[in-house]
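This report concerns only the one structure given below.
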Amino acid sequence: MFPTRTVCLAAACFFTAGISGFAAIGKLPGNDAELEAPVGDQAAALELLQGELERVAGPAVRSLEKSSDGSRFLRELFSSYQLFGDFMLSGPLPSDLGKSLRALFEIWKEDRDGLRDVRDRSTAVATALVFGRSGWEPENAFARYRFYRDSRKQGKLHASFEELRPWEKRFVTGAAHNGAWAGPGGWNDDSLVWLRDHVKLPAKDYEGACWQAPYHLNNMFGDSIHGADYYTPFSGMTHAERVRLVGGVCGSLSHFGANSANANGIPAFTMGEPAHCAYAVRPERGKWIASYTLSWKRGLHLPPELAASWSHLILLEDSLADEDAWRKSAVHRFQALALEKSNPTLAEAAYRASLEACPLNFTAWMSAAEFFAAHSGNDPERWEGFQSGVLKSLAKYPECAWSVISTIQDKAFATMDQERKLGFILAFHRAISPYAGPSMWEFEKALEAQAAAFSPDVTAQLGLFEKIAAIHMASPAWLAPSIAWAQEKFSGDPALVKQYFAALGRAFADGSGAGASDGFRNAIRAAILGAEKSGDMEAFQAIGKAGAKFTGAKPLDDLPPFSGKLLSSGGFVTISSTSTWDQPESHWGLLEPQGGAFHTDADVRPWVIVRLGKMGDLSGIVLHDSTGDGYNGRRQVPIKVSVSENGTEWKEVFRSEKQAKSWRIPLDGKATRVQYVKCERDNETKDHFHLQAIHAYGRPLQ
Amino acid sequence: MFFRSFCICLLIAGSATAQRVADFPAALARAKRENLPLLVLFSGSDWNTDSKPVLDVWTSPDWEQKLTGKTLLLNIDRKENPDDAARVLEEKNKACKTWISTHPTLVLYDSQGRQAGMVSGAPGIAAAGGLHRAVGGLYQALRERDDLWQRAEKENGIRKAALIGEGLDRIGAGAGKEWEPERQAIAKADPKDSLGYLAKYQFVSREHVNRITEAKDATAWEVIGKELDVLARNPRLSASQRQEVHAARFALFKKWPGHEAEARRALEEMEKADPKSVPGKASANRKKMLAP
């Protein structure tokens, strides 16, 4: 944790003078011992929660006080630790808690008695918290609550819904974006009823539920989905039903998948990816599965305070694995927020208590960072101490660690000389280097922000890069994106390119006395293999293109294509092993018209797996083996080709015992929804394996 | 009337000739060996309440007693929390590749393991009149198919092709690769496909409309138009296939300058094929969207 600060201010009332009614309660803790009071004492906890509600949603409380129903509701809420505790302590609070309070009031008005049942109460709280989102009207909250309440009572939801905690139900009751998606008659509660009754699957099967709706760019009348006429003729049914009947593209299909899970009580949500829509399903506690996904670049269709990215989602899940600890942490955070102005010393102690209770509480870290930025002054050691605390807790979630550190970086750097800044940045990279994190993220943006804050001088930035690259040299996750960033930043400037090559050469010199260009090639090779190992398609593409100019690959013989598009282009390669003869800079070309190469070590059943640039229905695959008519052509046979949608379940589509310079594999109708192609030698011989082209053609499904 | 009598025949206690089998591979092997149909219930006993009423009947000791006619019964229970034995069973049942969109679902397979009927979900079973009637309906269709095919064995030429085709129609089958033997038999009996069954089973949904969206000139449009005209005259097409052909014709004529009237007529033909169906109503709606 960050060091303490000796500022001592007198304890003060929770609330400023002049506020009446429900607000006029509660005393702030006056010392460290009193910080523990609300943790073990429900009455103290209720006071604290009431104070926090007042702090962030005072006007909504005032508004409810004006009606007799509202007053009664508030009295009941403030006296029920079960209801109020669930409302305030079920994960990060929505940005407009006042709206959530009104939504809870709407539910309470209609089903006051029902809220005594813990299962319905948790549904009510989750629904109310969801209705704090922008565009969700509190007046509609009861209808959404009623759907889940009645569906549960009728036994129409998946049995696991019964066990979900309120924070988990927030990923359920947010179904269908409250009808806001696909316009009037789009995904609404009627669709949920239909999906609930017609798409009942074991939880993990919702991962594939999107494919119940066929992928059709045009409807049966030839109307494009990008126009207004695609669904219009199909009236008199729910949108869910017509999506399954008429079809759609990634957006409709992913909403069908996510909403069918939600409608049956399974947590799920949609996500935006570049030129694509995917979705995520949570078949069991602690396990999120990205479905119909084509890229790690995901914008989750969730409010940012809940999860701003996939890494933040996994962190939230991990932090709430011990919900008692998370709640304790949240309580201390509320204390800290209340004390910030009146007693910063005690506020800092409260933040410390919060983060000791739950070191993975991201919301607490962000609040602490804001507090720290406002109160830490000019002592660089304090900033370093704070970063050290962040990294100790969050290094396994590098993106989340950066989210916190980036909020204090500028203020911290204002207190530091260049050497100290360098140490601050490198400490971050040393801490995250061993961990890939829950998913890839825009690491390049972090590098850019660090470089810009470090120095406006690009030569100094290049020096920084060299040191960062040296740290990540052995890191499969971070080497490739580091080089991809540097490639983009430094290689385009003729004045810098030599220095850039020299920097890479020094970082990757193999000790043989070879020159900078060899060092650069070493760097590119290491980066490409790193990108392949970590599944970083974007870095593979960026570095692969850059590396292609260093390849000695000969242009391919003419390979007649199959119909459709070259779906392999823009994709990604992994091989079972590399070898002395392998030139990773040639891997990228394997999937492109010009061809490339890979060369495994001597393995039993060596393989190459291609993740296609675009998922699709394949019309055919073309493989090229330049040694096919020579002695080494025997290494490739018997060759087996398989296809897969998810990279784990494979379907064999071709096998040949005969050497050949090229294999043409027609696949019309035999390989639908393919995202991966695997080529392997299918026997027990231990030998090398190499090809010069893997071209997959067909109709894209994205 | 025939349906009702068959149900009574099927469901009133008779000799216990329905037999439960342990797993899908064993069921399939036995179905092939003993030339028996196989009825599979896909359920989820520990998570899906909709499966419960069906499972209550299915697992009752007298369920197989109520089914007359030799058949095999298998419950593929997709559990969320399987014990070791259930996990072993689940692995074995992965051999069943039938795509299930919801639970509970009933699937009837013929003795070759080919899908000969499906009733999906609690709403589907309810719409069929409940479990007994749903099962009765599946067996009735299969029995009718078998009767037609028995008769086909004694026939030759067009008559034989017609009976095989009618049999396939009874169970809503004929298009998948598993029906290749029947398609070959039809091709042999009716080499010119004068009845139109082969064209029916080779009909690829959306193929024409996809080609139309990619076609760029009148030459290509003309080729597709002629193919659609031939298909539109095929009396064997199902109503939904026929509607799809007319929808594709509409897509073609809408794109083809000077053919607006034919586009409108295509929609009218589409509606006429089955006015109460979803595509029938959609064609009426699509017509309203045209400029007057």
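On a 0 to 90 degree scale, rounded to 10, what angle separates helix A:310-319 from the longest Cα axis of chain A?
Once rounded, one gets 50 degrees.
Can you sort A:His301, A:His239, A:His599 by 1.4 Å-probe accessible area, starting with the largest?
Working: A:His301 50, A:His239 10, A:His599 30 Å².
Largest accessible area first, the list is A:His301, A:His599, A:His239.
For A:Val604 and A:Thr648, what does the FRET efficiency come to when R0 = 22 Å and r is the distance between their Cβ atoms, rounded to the nearest 0.05?
Computed FRET efficiency for A:Val604 and A:Thr648 comes out at 0.60.
Sorted by accessible area with a 1.4 angstrom probe, largest first, how do A:Ser68, A:Ser406, A:Ser295 fall?
Values: A:Ser68 95, A:Ser406 50, A:Ser295 15 Å².
Of A:Ser68, A:Ser406, A:Ser295, the descending order of accessible area is A:Ser68, A:Ser406, A:Ser295.
Take the eigenvalues of the Cα gyration tensor for the stretch A:327-434, scale each by 5, and report the square roots as semi-axes in whole Å, largest first. Could you put the intermediate results ahead of the total?
Values: eigenvalues 106, 60, 16 Å².
Calculated on Cα positions only, the semi-axes equal 23, 17, 9 Å.
Under a point spin-label approximation (7 Å from Cα along Cα-to-Cβ), what is the A:Lys66-A:Lys686 distance to one decimal in nm?
Taking the simple label geometry, A:Lys66 and A:Lys686 are separated by 8.3 nm.
Per residue, how many Å² of accessible area does chain A show with a 1.4 Å probe?
Numbers: 26410 Å² over 702 residues.
Roughly 38 Å² per residue, with all protein chains present.
Taking the convex hull of the Cα atoms, report for the protein assembly as shown its projected area averaged over all directions, in nm².
Over all viewing directions, the protein assembly as shown projects a mean Cα-hull area of 48.9 nm².
Can you give the accessible area of B:Lys66 in Å² (nearest 10), computed on protein heavy atoms with a 1.4 Å probe?
60 Å²
Taking the Cα atoms only, what angle lies between the long axis of helix B:24-34 and the longest principal axis of chain B, rounded to 10 degrees?
Tilt relative to chain B: about 90 degrees.
Based only on the alpha carbon positions, what is the Kirkwood hydrodynamic radius of the stretch A:270-377, in angstrom? Please report the intermediate quantities before stating the final value.
On the way: mean 1/r = 0.0655 Å⁻¹.
Averaging 1/r across every pair of different Cα atoms and inverting gives 15.3 Å.
With a 1.4 Å probe, what is the total accessible area buried between chains A and B, in Å² rounded to the nearest 100?
Numbers: alone 27670 and 15740 Å², together 40810 Å².
The A and B chains share an interface burying roughly 2600 Å².
What does the accessible area of B:Lys287 come to, in Å² to the nearest 10, when a probe of 1.4 Å is used?
For B:Lys287, the solvent-accessible surface is approximately 60 Å².
Taking every pair of Cα atoms in the stretch A:165-255, average 1/r, invert it to obtain the Kirkwood radius, and report Rg/Rh to two decimals.
Working: Rg = 13.6 Å, Rh = 13.9 Å.
Value, to two decimals: 0.98.
Bin width 10 Å, alpha-carbon pairs only: give the P(r) of the stretch A:625-664 as whole percents, running from 0 to the bin holding the largest distance.
Calculated P(r), rounded to whole percents: 30, 42, 24, 4.
Rg/Rh for the stretch A:311-350 to two decimals, with Rh computed the Kirkwood way over all alpha-carbon pairs. Don't skip to the end; give the middle numbers.
Numbers: Rg = 12.5 Å, Rh = 11.0 Å.
Ratio value, two decimals: 1.14.
Considering only protein heavy atoms, with the full assembly of protein chains and a 1.4 angstrom probe, order A:Lys392, B:Lys255 by accessible area, largest first.
Numbers: A:Lys392 175, B:Lys255 75 Å².
Solvent-accessible surface, decreasing: A:Lys392, B:Lys255.
Which FRET efficiency value, to the nearest 0.05, do you get for A:Lys445 and A:Asp229 by plugging their Cβ-Cβ distance into 1/(1 + (r/R0)^6) with R0 = 41 Å?
Working from the Cβ atoms, E equals 0.55.
Could you look at the protein assembly as shown and say what percent of its accessible area is carbon and sulfur, using a 1.4 Å probe and all protein chains?
Values: 21190 of 40810 Å².
Ligands and nucleic acids excluded, carbon and sulfur give 52 percent.
Given labels modelled 7 Å from the Cα in the Cβ direction, how far is it in nm from B:Glu34 to A:Asp493?
8.1 nm
Name the residues of the stretch B:100-140 whose amide N is less than 16 Å from a point 7 angstrom out from the Cα of B:Thr59 along the C-beta direction?
Output list for this probe position: B:104-105.
Taking the Cβ-Cβ separation of A:Asp629 and A:Gln82 as r and a Förster radius of 45 Å, what is the calculated FRET efficiency to the nearest 0.05? Kindly include the intermediate steps, with their values, before the conclusion.
Values: r = 77 Å, r/R0 = 1.71.
So the FRET efficiency works out to roughly 0.05.
Give me log10 I(q)/I(0) at q = 0.19 Å⁻¹ for the stretch B:148-292, Debye formula, one equal scatterer per alpha-carbon, no solvent.
These q points yield log10 I(q)/I(0) values of -1.06.
Give me the percent relative contact order of chain B, please, defined on Cα pairs under 8 angstrom at least 6 residues apart.
Working: 414 pairs, mean separation 37.7, N = 292.
Dividing the mean separation by the residue count of chain B yields 13 percent.
Based only on Cα atoms, what mean projected area does the convex hull of chain B have, in nm²? Write down the numbers at each step before the final one.
On the way: hull surface 75.0 nm².
Over all viewing directions, chain B projects a mean Cα-hull area of 18.7 nm².
Hull surface divided by four, with the convex hull built on the Cα atoms of the stretch A:410-449: how many nm²? Before the final figure, lay out each step's value.
Details: hull surface 13.1 nm².
Directional mean of the projected Cα hull area for the stretch A:410-449 stands at 3.3 nm².
In square angstrom, rounded to the nearest 10, how much accessible surface does A:Met220 have for a 1.4 Å probe?
That residue has around 20 Å² of solvent-accessible surface.
Which three lengths, in whole Å and largest first, does the stretch B:33-139 cover when its Cα atoms are put on their principal axes?
The Cα atoms of the stretch B:33-139 stretch 34, 33, 28 Å along their principal axes.
Please get the size of the charge dipole for the protein assembly as shown, origin at its Cα centre, with Cβ charges of +1 on Lys and Arg and -1 on Asp and Glu, quoted in debye to the nearest 20.
Details: 121 positive and 121 negative charges, 534 e Å.
Dipole about the Cα centre, nearest 20: 2560 debye.
Over all alpha-carbon pairs of the stretch A:68-185, lay out the pair-distance distribution in 5 Å bins, whole %, shortest bin first.
2, 12, 24, 26, 20, 11, 4, 1, 0
Points 7 angstrom from Cα along the Cβ direction at A:Lys204 and A:Arg112: gap in nanometres?
Taking the simple label geometry, A:Lys204 and A:Arg112 are separated by 4.7 nm.
If the chain between B:Asn156 and B:Asp193 were fully stretched, how many nm would it gain, using 0.36 nm times the residue separation less the Cα-Cα distance?
Details: separation 37, 0.36 × 37 = 13.32 nm, distance 1.42 nm.
Taking 0.36 nm per residue and subtracting the Cα distance, the gain is 11.9 nm.
Based on DSSP H runs of at least 4 residues, each adding -39500 (n - 2.57), what is the mean residue ellipticity at 222 nm of chain A after dividing by all its residues, to the nearest 500 deg cm²/dmol? Walk me through the numbers before you get to the answer.
Numbers: 24 runs with 310 residues, N = 702.
It lands at -14000 deg cm²/dmol.
Any idea of the accessible area per residue across the stretch B:173-292, 1.4 Å probe, to the nearest Å²? Intermediate results must be reported in sequence, preceding the final value.
Values: 6400 Å² over 120 residues.
Per-residue value: 53 Å².
The values are calculated or read from the model by the stated rules, or taken from the named source; none is laboratory data. A quick note: this is a predicted structure, and the numbers were derived from the prediction, not measured. Cβ atoms come from the backbone with ideal geometry, glycine included; neighbour counts cover every protein chain shown. Note: accessible area is taken over every heavy atom of the protein model, side chains too, but ligands, DNA and RNA are not part of it. Shrake-Rupley method; radii C 1.70, N 1.55, O 1.52, S 1.80 Å.
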